[in-house]
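Scroll down for the structure; my scribbles are underneath it.
Here, each number is a calculation from the coordinates, and none is a lab measurement. Here the structure is a predicted model, which means the values were calculated and not measured. FYI the Cβ positions are ideal-geometry reconstructions off the backbone, even for glycines, and counts take in every protein chain you see.
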Ligand SMILES: NC(=O)c1ccc[n+]([C@@H]2O[C@H](COP(=O)([O-])OP(=O)(O)OC[C@H]3O[C@@H](n4cnc5c(N)ncnc54)[C@H](OP(=O)(O)O)[C@@H]3O)[C@@H](O)[C@H]2O)c1
């Protein structure tokens, strides 16, 4: 039998999407305590844009080439020495940060989360839950510990984490507002929140008493106005800085915005601010990550949550997908599905140089 082929999406140089390439790669072998998976779905995230542009603290030490891929749903196809409790063909998931935008990858068995059997045809939706929805769940229930009836503002509410915050916030009985472009108002309402058009309205004036909690992954003006929108004793949970990335701010500037959050607690009014990181929380509480993702898979299996997948993407559409992530305007996740035939392979062969002639496919 022919050995399966591996392909990966790698960052060849930091910067724009033209620095990405899709290349053939050796099939990895599961080492001790590892499981090799055939990747069924792997998310394409705004966070990948940060990593590609060398603006992501957790991957600052990596030098190209390296393989992208923040999260993965796959099927185990090789078990390394010492692995017990898994069988070939099991469906599993993990948050990898790097390495899973690939046809095959190896994962540590002790970090795997099982994907329930009922989700066999929903691997893209399951993948969409891993980074974006676990972040939202932990922001609500681990960082902010929200209480039913609280008044909560979500920035970037039409985005991947924003939509998840609204959907899970509604399940938690919160009263919700969401900032988004005016064109997304219907989507925000459908998700159970009051839309705020951030291009026309001042969110600090929407609720005169102030919000109990504000979730901000955008950092427009370095989180200042989000803090100003809190009521006395309110909490700002910052978790991203998309506006700083768009404005091409330096990493140091954004790290200073984050550090400053912890000084604001000394202002009168008892308001507090914190920065949430899914990686730091997973490092401190690995069991929480596993528990929270399992709970989300359970909610997906019963239909209680329905993450939006904007499109399933093949390998040769990855660079275009990164452009779309940066341009904004998406209303759902882009998910790499390695089994989708590539665009090149759907085209008729051109003379001698057929689509399989090249080993490296420029991802652009
Ligand atoms: N700390 C963590 O653990 C963690 C985990 C996950 C994600 N993140 C970070 O969180 C941020 C959001 O992630 P995501 O995956 O949800 O990204 P996303 O899908 O790109 O969503 C971001 C949303 O923000 C909107 N937006 C952009 N600029 C805005 C502004 N100035 N005011 C209001 N809304 C604005 C975008 O709208 P348009 O489409 O109109 O541009 C988009 O709907 C990213 O920076 C990501 O890296 C952090």
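Using the count of nearby Cβ atoms within 10 Å as a rough guide to exposure, how do 231, 333 rank from fewest to most?
Details: 231 17, 333 29.
Neighbour counts put them in this order, fewest first: 231, 333.
Look at the alpha carbon pairs under 8 Å that are at least 6 residues apart: their mean separation over the length of segment 45-200 gives a relative contact order of 15 percent.
Build a GNM of the chain with springs between Cα atoms under 10 Å apart, and of 160, 228, 193 the one that fluctuates most is 228.
Taking a ≥ b ≥ c as the square roots of the eigenvalues of the alpha-carbon gyration tensor, segment 1-153 is classed oblate because a/c is 1.5 or more while a/b is no larger than b/c.
Across 42, 84, 242, mean-square fluctuation computed from a Gaussian network of the chain (C-alpha pairs under 10 Å connected) peaks at 84. For the chain, the longest principal axis of the C-alpha atoms and the axis of helix 286-302 are separated by about 80°. Measuring r between the beta carbons of residue 170 and residue 295 and using R0 = 22 Å, the FRET efficiency lands at 0.90. At full extension, residue 264 and residue 190 could sit 23.2 nm farther apart than now, given 0.36 nm per residue minus the alpha carbon distance.
Taking all Cα pairs closer than 8 Å and separated by 6 or more residues, the relative contact order of the chain comes to 18 percent.
How much length is gained on full extension from residue 320 to residue 145, taking 0.36 nm per residue of separation minus their Cα-Cα distance? Walk me through the numbers before you get to the answer.
On the way: separation 175, 0.36 × 175 = 63.00 nm, distance 3.79 nm.
Using 0.36 nm per residue and subtracting the Cα-Cα distance, I get 59.2 nm.
Taking the C-alpha atoms only, the angle from helix 318-327 to the longest principal axis of the chain is near 10 degrees. As a calculated quantity, the FRET efficiency between residue 81 and residue 205 at R0 = 56 Å, using C-beta atoms, amounts to about 0.35. Binning the C-alpha pair distances of the chain at 20 Å intervals from 0 yields a P(r) profile of 29, 57, 14, 1 %, listed from the shortest bin outward. Here 61, 295, 232 are placed in order of increasing Cβ neighbour count within 10 Å, fewest first, which gives 61, 232, 295. Computed from Cα positions, the angle between helix 160-171 and the longest principal axis of the chain comes to roughly 60 degrees. Residues 18, 75 in ascending order of nearby Cβ atoms (within 10 Å, fewest first): 18, 75.
Computed over the chain with a Gaussian network model linking Cα atoms closer than 10 Å, the most mobile of 69, 82, 217 is 82.
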